Amino acid sequence: MKIEVWSDYVCPFCYIGKRRLEEAIESFPHKDNIQVVFKSFELDPGADRDLKVGIHEKLAAKYNMTIDQAKNSTKEMEKQAKAAGLDFQFDGMVTANTLDAHRLAKYAEVQGKDKEVAELLLKAYFTEAKHIGELDVLLEIAEKAELDRSETSKVLESGQFTEEVRADEQAAQQMSVRGVPFFVLNQKYAISGAQPAAVFQDALKKVWEEEQASPQIQHLSSDQQEVCTEDGCDIPENK
């Protein structure tokens, strides 16, 4: 079973949704037959690459509220994160352009390290309050995932894997995806948002049972004529 996950590394519900999906997979009897593939989706493609603005300042400006009101608005999200076993540190969190983070993830996928890099990017942003738009931070993450720092630096500085990121985003646009996380199971069923683990569990069960069921063939002819078998070909008599 293949699960494609469109997400962004500055999306709190993407991290929470990832944990809930992982919880569902862990309890699934056929978990070893599941492949999770992360797809790129930039929530704010126009975000400044250098400007370091705190998340509360950004929320206050975006929704015309005070800093205190912005802090209060993140409290519920912190509770949801904690329930999922995550530690969100909104006080130190800074906004970031995530194109290079997605490019790093695409490079990591080629190297077989996409799962490690996805987790490290989310943790760096939400728990460690690091600027995941900065090259040094991305290279540090690459090293933690056991990627070669020098090769990773060449990739990030060259602009490689930008087309792959854009292809994911175009695919999301074609499916009319307006928000993330967005999960697609076996290119047949979609789940939008950080749904409870039980929703993922039900979806996994449904897709697995459908895939394992033997297709029922319906015969449209009443008898067998003009066919070849191991005994030869049945040549009909002239009528």
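What follows draws every value from the coordinates through simple rules; no lab data is involved. Here the structure is a predicted model, which is why all the values come from computation and not from measurement. Positions of Cβ are backbone-derived with ideal geometry, glycine not excepted, and every protein chain shown enters the neighbour counts.
Using amide H atoms built in the peptide plane, which far-off residues or other-chain residues are under 5 Å from F38 H to H?
Counting only residues 5 or more places away or on other chains, the set is V5.
Could you check the simple spin-label distance between D68 and D87, using points 7 Å along Cα→Cβ, in nm with one decimal?
Calculated label separation equals 2.8 nm.
With each pseudo-label sitting 7 Å past Cα toward Cβ, what's the E210-E163 distance in nm, one decimal?
3.3 nm
Please name which of V36, A70, V110 has its Cα lying farthest along the dipole of region 20-138 towards the positive end, using unit charges on Cβ (Lys, Arg +1; Asp, Glu -1) and the Cα centre as origin.
Result: A70, furthest along the dipole toward the positive end.
Provide, in order from the shortest bin, the percent of all Cα-Cα pairs of the chain in each 10 Å bin, continuing until the bin that contains the maximum pair distance.
Histogram of Cα-Cα distances, whole percents per bin: 7, 27, 30, 17, 7, 5, 4, 3, 1, 0.
Identify all aspartates and glutamates with a Cα-Cα distance to K52 below 12 Å; exclude those on the same chain that are fewer than 8 residues away in sequence.
Hits, sequence-local ones excluded: E134.
When you count, for each residue, the other Cβ atoms within 10 Å and take the mean per peptide, how do 119-131, 195-207 rank with the highest first?
119-131, 195-207
Just subtract the alpha-carbon distance of A198 and K75 from 0.36 nm times their residue separation and send over the number in nm, one decimal.
41.9 nm
Which links in K2/K113; K79/K205; K75/K188; K71/K113; K39/K82 stretch past 27 Å when you go from one Cα to the other?
Distance filter (> 27 Å) returns K79/K205; K75/K188; K71/K113.
Can you tell me the Rg and Dmax of region 12-103, counting just the alpha carbons, in angstroms?
Answer for region 12-103, Rg first and Dmax second: 16.1, 49 Å.
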